[in-house]
1. What does the charge count around Leu345 come to, taking other residues whose C-beta lies under 15 Å from its C-beta (Lys +1, Arg +1, Asp -1, Glu -1)?
2. How much of the accessible area of the range 73-201, in percent, comes from carbon and sulfur atoms when a 1.4 Å probe is used?
3. Please give the direction-averaged projected area of the C-alpha convex hull for the range 396-548, in square nanometres with one decimal.
4. Once ligands and nucleic acids are excluded and a 1.4 Å probe is used, how much of Phe514 is accessible, expressed in Å² to the nearest 10?
5. So what's the range 130-248 giving for Rg/Rh, alpha carbon basis, Kirkwood Rh from the mean inverse pair distance?
6. In the range 355-417, what is the volume of the convex hull around the alpha carbon atoms, normalised per residue and reported in Å³?
7. Among the GluC sites (Glu not before Pro) in the range 469-541, which ones are in a DSSP loop with at most 16 other Cβ atoms within 10 Å of the Cβ? Mind listing them?
8. What number, in percent, do you get for the relative contact order of the chain if the mean sequence gap of Cα pairs under 8 Å and at least 6 apart is divided by its residue count?
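The values are calculated or read from the model by the stated rules, or taken from the named source; none is laboratory data. The model shown is predicted, which means the values in this text are computed figures rather than measured ones. Cβ sites come from the backbone with ideal geometry, for glycine too, and all protein chains shown count toward neighbours. The protein model used for the area step is the full one, side chains on, heavy atoms only, and it has no ligands, DNA or RNA in it. Shrake-Rupley method; radii C 1.70, N 1.55, O 1.52, S 1.80 Å.
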Amino acid sequence: MEPSKDNLNGRRSMQSEGLHRVNQYQPRVRGDCKYTDRGNMYIIVTLGLIVVHLLLLPIDVYLTWHHKYWRKRGLVTARPLTLLGTYPGLLTRQRNLVEDLQKVYDKYKGKHRAVGVFVTRQPQILVLDPALAHEILVTNFRCYKDSLTSSYIRHAKWDKYARRNPFWASGKSWRSLRTDAQAGISSHRLKQAYAIWEEGGRMLTNYMEAQVTEHKNVLETRDLCFRYTAHVMADFIWGIDAGTLTRPEEQPNKVQQMASKWTSYAFYMISVFMATIVAPFSRLLLRLRFYPKETDEFFSKLTEESIAMRLSAGSAGSRTDYLSHLLQLREQKQATHDDLVGHALTVMLDGYDTTGTALLHALYYLAENPASQQKLRTEILSNLNTDRSLSFEHLCGLPYLEQVVYESLRLSSLIPQYTKVCTNATNIQLNESKTLEVEAGMTIMIPNYQFHHDKRYFPDPEMFKPERFDAAAHLELMRKGIFLPFSDGPRICMGMRLALLTLKSALIHVLSEFQVVRGREKLRPHGDAGFGMVLQGNVHLEYRRFSR
Ligand code: HEM
């Protein structure tokens, strides 16, 4: 049979189809290879991803395991990030804890008494109601005896002086350390040692007078404040002239250099300590310490030499100060050399650093607010004796001076949050119908900075208005848990009186001799990698001498 045209066509078409198929086939063969490779690759990638997921799963489960913790207990949860928890800045160190806390506080304040948060994966309670803060610090203290830092002492055998500071102590050792250290800074003892602050204040203004002519009235005030606190603390604790005010040519001054190195290290390590809450064993592994070895050695030697000097001076060298208290502890309680150095450093840590920073802020706020400064100066000058002295009682009782100090402590909130540990299981009444059971070991944060900057309690919170503390208003605000510059209850700041004396005395001396003026630039406190919101870097203020 002859093939029809169609058939021919068909064949042709088949052939051409075949060719076409062949033509199509060839690349397909190559393409299939490619697809097979690609397919294999997909399988490998998929398998790889599964393996990665399987490997990551336990980590993810580990990190998020607790994230339902608060929901199960009926407490509103501030949504955490998987890896970083509620306060990412603690780990990334990109943002200050105060800033992370502010976001949570603003979202939930006024709606709840407390919310559940996560420090990475670790559940924690964040207090939002000041009345609850008062309950934790004061009325229910028996269930919250420890601070977060107090767990440290149990394992930090190598940090021999830090572990003698009540701040890092818990249980019975906290009680006995606090009792021994505090007896040396009681009101009675400070009154007996008051000459140290009178003399220190005079030395401060003499130093300023010398500097002011040299540097055209402008002084870097952070350095000035630390020179003053180094001076009064070294005189009170070791009975020595540190030279910070009397020998300015000594650069660097050894006492100030060591104190600055040590305190900045210690405060930085507190923030590291907080960040390692998620894996407390890492503190042991890293042999975390708060006081560097170098400064331990320096202050140990200083204590040894000061004691030898005091003893060799006999009755001629006797005076009431912290060194005489240390000698009493040695005699009456058989305190060892390490105990004495530990107690000395407990007073120096905040007596030098925190109090120096508080003074810097007070001077800055006064420079920014000339009317408040003038009002304070008028109060000071009308109370000074003719020889320009002021008795201890008078100093403690000046009302506007007290208001200025409290207002600058409120604004700066140098220790911006307190983390307490539940030591006995207890309850928190969340509202009329809901009670939260708090397990022993749970940590609870009190956002002191946020209370101090909340306009519901302090209208125009960023303004410096000492009058808000008129008529001893601070007492009522403390009782309500709203104003806590020194915390409250049995673990209230041990050195509160000492700090107030140091601050007030410096302000009296400076303001009676100088007008403090801010430069053109307004400085704003901001957070660093640590935990506060404070003035950073150099703070240049102008000091204009009054003619007598
Ligand atoms: C303006 C200066 C000061 C401020 C604002 C301040 C503030 C505070 C605050 C808020 C606390 C409680 C911290 C917490 O619960 O986590 C505290 C505790 C403490 N402060 Fe101060 N402080 C100052 C000066 C001093 C001074 C001069 C000393 C020297 C003795 C001192 C020694 C202590 C000690 C030992 C503790 C721990 C108390 C304990 O846990 O029993 N502070 N301070």
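1. -2
2. On the way: 2750 of 5180 Å².
Solvent-exposed carbon and sulfur of the range 73-201 make up 53 percent of the total.
3. On the way: hull surface 49.3 nm².
The number I arrive at for the range 396-548 is 12.3 nm².
4. 0 Å²
5. Details: Rg = 19.7 Å, Rh = 17.6 Å.
Here Rg/Rh amounts to 1.12.
6. Working: hull volume 6.1 nm³, N = 63.
Output value, Cα hull per residue: 97 Å³.
7. Working: sites: Glu476, Glu513, Glu521; in loops: Glu521.
Of the GluC sites (Glu not before Pro), the ones in loops of the range 469-541 whose Cβ has at most 16 other Cβ atoms within 10 Å are Glu521.
8. Values: 758 pairs, mean separation 113.4, N = 548.
Computed value for the chain: 21 percent relative contact order.
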